Amino acid sequence: MLDKNRMPKHVAIIMDGNGRWAKKRNLPRVMGHNAGMQAMKEIVRRASDLGIKYLTVYAFSTENWKRSEEEITGIFRLLVKFVGLDLGELKEQNVRVRVFGDYSCIPARAKASMDEMLEETKDNTGLQFNIALNYGGRLDITRAVNHLAEKVRSGEITGEITEDMISRALYSGDENGDVPDPDVIIRTSGEERISNFLLWQAAYSEFVFTDVLWPDFTPEIFEQTLEQYQSRDRRFGGRK
C-alpha cells in the first residue's frame, strides 16, 4: 500500500506507447497522442493530490523531429489544445509549469501557448510540472558545459568546474529553481532504456518499467509504480 508519508520528491516519466496504442486500434498516430495527453492530465492531477513536489514528463525529444511532418504537426496542435483547455485548472490547482529544453524552434502558435502557460503559472507554489520539450540529455549537458566555458573565458569562473556548477547550468537548474534529481523515473510500454532523458540527473534515480502503454497509464497504476519505488532500498553507493 502506498505510504503517503514517504512520497518521492521528484518523479520523472518517459511517456511511451502512444503510437502502438493507436495502431492496436487502427487509429491514426495522432489519436494515440491525444489519448496520451488525456492520461498526462490525470497523472498531473494525481501527483498534485499526492503532494509530489516535482513532476517531469518527456513530451518531445530532440530526436522526435525525425518523425513524419503530419505527426509532428499533430503533436504541437495538441499542445495548443492542452493549454487552451487546462490552463485554468492548472492555475486553480496552484501548479507551476516550467520547460526543460529549447522550445524556441517549435511552431509559433505552440510556442505562444507555452509562453502563456509559463507566464500565467510562474507564481504558483504547488506542484512544479516540468515539460521536457525539444529536450535531449546530451544536449542539456553540452549546453551546460558551453555556458560554463564562457564564464571561464570571461573570468567569472577562475577555479575548477564542480559537479554543483554543472548541475546548476542544466535545464533543471538555472531559472527552474534547482530542481532536485528525480527520485524515480518511470517508463511505460515495456521499453527499458533511458532514451537520452535526464542523463546527468538520473545518476541515482530508481527506475520502474511497466508494459502498460502510456494512454492506458491510469492514476491507480501510477500509484502502483510509486509503491514499487517505496519498496526499494536506496543506498546511493553506500552500505547498510
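Here are some notes:
- For the range 73-87, filtered to residues that are open to solvent by 20 Å² or more (accessible area, probe 1.4 Å) and among the β-branched types (Val, Ile, Thr), the residue that is nearest to Ala132 (Cα to Cα) is Ile75.
- Test: Glu175 is modelled with pLDDT under 95, surrounded by fewer than 16 Cβ atoms within 10 Å (Cβ to Cβ) and touching a strand residue (DSSP E or B) at 6+ places or on another chain (Cβ under 9 Å): yes
- Qualifying residue in the range 16-36 (condition: among the β-branched types (Val, Ile, Thr) and out of contact with any Gly (no Cβ under 7 Å at 6 or more places or on another chain)): no
- Comparison of Glu63, Glu69 shows that the only residue that is open to solvent by 30 Å² or more (accessible area, probe 1.4 Å) and over 25 Å from Ile194 (Cβ atoms) is Glu69.
- Verdict on Asp178 being among the charged types (D, E, K, R) and under 29 Å from Lys4 (Cα atoms): yes
- Selection within the range 178-207: residues that are of a type in the set (Phe, Trp, Tyr) and open to solvent by 40 Å² or more (accessible area, probe 1.4 Å). The member of this set that is modelled with the lowest pLDDT is Tyr204.
- Qualifying residues in the range 45-57 (those that are farther than 11 Å from Ile131 by Cα and among the aliphatic types (A, V, I, L, M)) - the one surrounded by the fewest Cβ atoms within 10 Å (Cβ to Cβ): Leu50
- For the range 203-235, the set of residues classified as touching a residue at least 40 places away in the same chain (Cβ under 8 Å), among the aliphatic types (A, V, I, L, M) and in a loop (DSSP other than H, G, I, E, B) consists of Val212, Leu213, listed by residue number.
- Criterion: within 15 Å of the chain's Cα centre (by Cα), part of a helix (DSSP H, G or I) and under 25 Å from Asp123 (Cα atoms) - qualifying residue of Ser104, Ser48: Ser48
- Criterion violated by Ala22 - all others in (1) touching a residue at least 40 places away in the same chain (Cβ under 8 Å); (2) under 25 Å from Val208 (Cα atoms); (3) surrounded by 15 or more Cβ atoms within 10 Å (Cβ to Cβ); (4) touching a helix residue (DSSP H, G or I) at 6+ places or on another chain (Cβ under 9 Å) satisfied: (1)
- Per the conditions (1) hydroxyl-bearing (Ser, Thr, Tyr); (2) over 27 Å from Leu78 (Cα atoms); (3) assigned to a loop (DSSP other than H, G, I, E, B), the sole criterion not satisfied by Ser172 is (2).
- A single entry from Glu69, Glu42 fulfils the requirement of being of a type in the set (Asp, Glu) and either touching a residue at least 12 places away in the same chain (Cβ under 8 Å) or touching a helix residue (DSSP H, G or I) at 6+ places or on another chain (Cβ under 8 Å) (or both): Glu42.
- Per-region count, the range 114-144, residues in contact with a Gly (Cβ under 7 Å, 6 or more places away or on another chain) and over 18 Å from Asp178 (Cβ atoms): 2
- Criterion applied to Leu90, Leu139, Leu85 was being farther than 20 Å from Ser48 by Cβ and either touching a residue at least 12 places away in the same chain (Cβ under 8 Å) or part of a helix (DSSP H, G or I) (or both), and the one residue passing it is Leu139.
- Residues of the range 139-155 satisfying the condition of being open to solvent by 10 Å² or more (accessible area, probe 1.4 Å) and closer than 27 Å to Arg77 by Cα: Leu139
- Top-ranked residue of the range 107-133 - restricted to ones that are assigned to a loop (DSSP other than H, G, I, E, B) and open to solvent by 10 Å² or more (accessible area, probe 1.4 Å), ranked as nearest to Lys81 (Cα to Cα): Pro107
The values are calculated or read from the model by the stated rules, or taken from the named source; none is laboratory data. Source: prediction; values computed, not measured. We place every Cβ from the backbone using ideal geometry, glycine too, and count neighbours over all the protein chains shown. We work out accessible area using only protein heavy atoms, side chains counted, and drop any ligands, DNA or RNA first. Shrake-Rupley method; radii C 1.70, N 1.55, O 1.52, S 1.80 Å.
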